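Nothing in this text is a laboratory measurement; each read-out follows from the coordinates by a stated rule. None of these values were measured; they are calculated from a predicted model.
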Amino acid sequence: MTPELEAAYTLALQEAISAGYEILEKGGTAEAAVIAATVSMEDNPLFNAGRGSVFTNTGGHEMDAAIMLGQNLMAGAVAGVSNVRNPVMLAAEIMNHSDHVFLSGHGAENFALRRGLPPVAPDYFYSPFRHEQWKAVRDTETYALDHNVKATSALMKDKKFGTVGAVARDQQGNLAAATSTGGMTNKKYNRIGDTPIIGSGNYANNKTCAISCTGHGELFIRAVAAYDVSCLMEYKGLTLQKALEIVVLEKLVAIGGEGGMIGVDGEGELALVFNSAGMYRASCYSESKPVIGIYR
């Protein structure tokens, strides 16, 4: 991590947390806040979501996203879209303006057009370091999690990228969670990870918590990780922090799952827990300055 790159990430995280918090401060909804924070990161090529999404095996992009509201358990999710600038906004459109929860591929892209989300050209998602990242593994049978791809050129040196997400509690006491990702570098067969799967990579319930996950999606799916945190709180009476520690530091580790979660509970308590070497993160309470972190 160079000082310049660390400064870039710190600024990006500051912009995202500010985008969400400004909405909450003015009395806006948790839904609007998590969308704004996630869109900020989708628009920043430093992260593996939206504009910064990694390349698939065929040289394209397949993006996933989800959103869920705690007050009524409404949810929207999208998988495998290639020309949508902000997949989290499409997930919100699915939640609010369709009879469905989960859309994918061309059907989801057609729905985006119907809802007034214009497509973007493929070159919008192109970046030299993403392309170099893909070239390193495109002729192999392997795929790569973002943080495990080794640097293959000066363009990639010391760069790490990841799934993005946001959780919030608003002044009305409602919770919301949103998550967005470009998936795995060199992924094949229209692979879908945990991000758009409600209960695995994203979950919100006013009775317990709002959770957004990042990491090795297959293991988060098998663990039903986000919902498990909520269950530990609802049925065993655990705090958010303790529930997250059990799931992230014990249950996921036991099956080889690497990654982390961010969460907020109904009382506004925050927790950010990860079992990897680091996790780009930012948090903010009312009347306090944002706390930004990268390393353990």
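What's the extension gain from Gln171 to Gln241 if we count 0.36 nm per residue and subtract their Cα-Cα distance?
Values: separation 70, 0.36 × 70 = 25.20 nm, distance 2.16 nm.
My answer for the length gained is 23.0 nm.
So for the chain, considering every pair of alpha-carbon atoms, how many percent are separated by more than 25 Å? All intermediate terms of the calculation are to be shown ahead of the outcome.
Values: 18245 of 43660 pairs.
In whole percent, the long-distance tail amounts to 42.
Taking only C-alpha pairs under 8 Å that are 6+ residues apart, what is the relative contact order of the chain in percent?
With pairs under 8 Å counted, the relative contact order is 19 percent.
What aspartates and glutamates sit close enough to Lys187 to cross-link, taking a C-alpha to C-alpha distance under 14 Å and skipping anything fewer than 8 places away on the same chain?
Within reach: Glu62, Asp64, Asp139, Glu141, Asp146, Glu218.
Give me the extension gain from Tyr126 to Leu113: residue separation times 0.36 nm, minus the current Cα-Cα distance, reported in nm with one decimal.
2.5 nm
Can you pick out the pairs among Lys26/Lys236; Lys207/Lys251; Lys236/Lys289 whose Cα atoms lie more than 26 Å from each other?
From the list (Lys26/Lys236; Lys207/Lys251; Lys236/Lys289), the Cα-Cα distance tops 26 Å for Lys26/Lys236; Lys236/Lys289.
Expressed as a fraction of 2.2 N^0.38 Å, the rule-of-thumb size for a compact globular protein of N residues, what is the C-alpha radius of gyration of the stretch 206-296?
1.05
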